[in-house]
Structure formats: C-alpha cells, structure tokens
Amino acid sequence: MNTRELKKYFKDHLVPSKLYKIGGSHKNRICLDKTESGWAVYFQDKKEKIGVLNFVDEASACSRMKDELRKLMEQMYGVTWIAAR
C-alpha cells in the first residue's frame, strides 16, 4: 500500500480527515510524512512530534498508520472501519 492508496482507503471507509494528515504534519492529528531516511508516523501535538515511528519503506509506514487510526477510531467512536456506501 502506498500513500495514495491509503488516502483512498480512509475515504472509502469514512475515516474523518480531522484525525490524520498524510504528507506533512498538522496539529492534533496522526501524521505520515516522508523523511530523509524513509517514512515517519507520529502524533503532532502543537509543535511537538510525539511517538515518532520511523520506517524504511512506504508500505510499512502506511500499514502502521492504518493500525494507529483504527485504534484511535475505536477509542474515540467505539467503531473501526465503516464500509463505504
């Protein structure tokens, strides 16, 4: 899976865009961003990156972000993925 496919997956499964940012960082969101040495998944809290996880390949980073979003949705809303209509 790459970032384009991950964006489509989140859209198809009705994941609120206010929970994540792909390709950069945004306050109070789980972010996936390209780094000098690969890819990083982290939570952006104001100006600080929390829980940075580094990956050498895009597929691993996308997989981890998908897992993190699933956990967050389960905690916040009591649901994981909702199938698109």
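The values are calculated or read from the model by the stated rules, or taken from the named source; none is laboratory data. The structure presented is a predicted model; accordingly, all values stated were derived computationally and were not measured. Positions of Cβ are backbone-derived with ideal geometry, glycine not excepted, and every protein chain shown enters the neighbour counts. In case anyone asks, the SASA skips ligands and DNA or RNA and just uses the protein heavy atoms, side chains included. Shrake-Rupley method; radii C 1.70, N 1.55, O 1.52, S 1.80 Å.
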Counting only protein heavy atoms and rolling a 1.4 Å probe, one gets per residue an accessible area for the chain in Å² of 66 Å²
Listed by chain and number, the residues whose amide H is under 5 Å from that of Lys21, excluding neighbours fewer than 5 places away on the same chain and using placed H, are Ile30, Cys31, Leu32
The FRET efficiency for His26 and Asp57, from their Cβ-Cβ distance with R0 = 22 Å and rounded to 0.05, is 0.40
Contour minus Cα-Cα span, Tyr77 to Glu48, at 0.36 nm per residue, comes to 7.9 nm
Ranking Trp81, Leu32, Val56 by how far each Cα lies towards the positive end of the charge dipole of the range 25-85 (+1 on Lys and Arg Cβ, -1 on Asp and Glu Cβ), the top one is Trp81
Among [x] 12.9; [y] 14.6; [z] 14.2, the value of Kirkwood radius over Cα pairs in Å computed for this structure carries the label [x]
Quick calc, the chain, dipole around Cα centre from Cβ unit charges on Lys, Arg (+) and Asp, Glu (-), nearest 20 debye, gives 400 debye
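In the range 39-70, which trypsin sites (Lys or Arg not before Pro) fall in coil by DSSP and have 12 or fewer other Cβ atoms within 10 Å? Could the numbers behind the result be given before it?
Working: sites: Lys46, Lys47, Lys49, Arg64, Lys66, Arg70; in loops: Lys46, Lys47.
Sites meeting the loop and neighbour criteria: Lys46, Lys47.
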Relative contact order of the chain (C-alpha contacts under 8 Å, at least 6 apart) in percent is 27 percent
Surrounding charge for Tyr42, neighbours by C-beta under 11 angstrom, Lys/Arg +1, Asp/Glu -1, total 0
So, over other residues within a Cβ distance under 12 Å of Lys27, counting Lys, Arg +1 and Asp, Glu -1, the net charge is +4
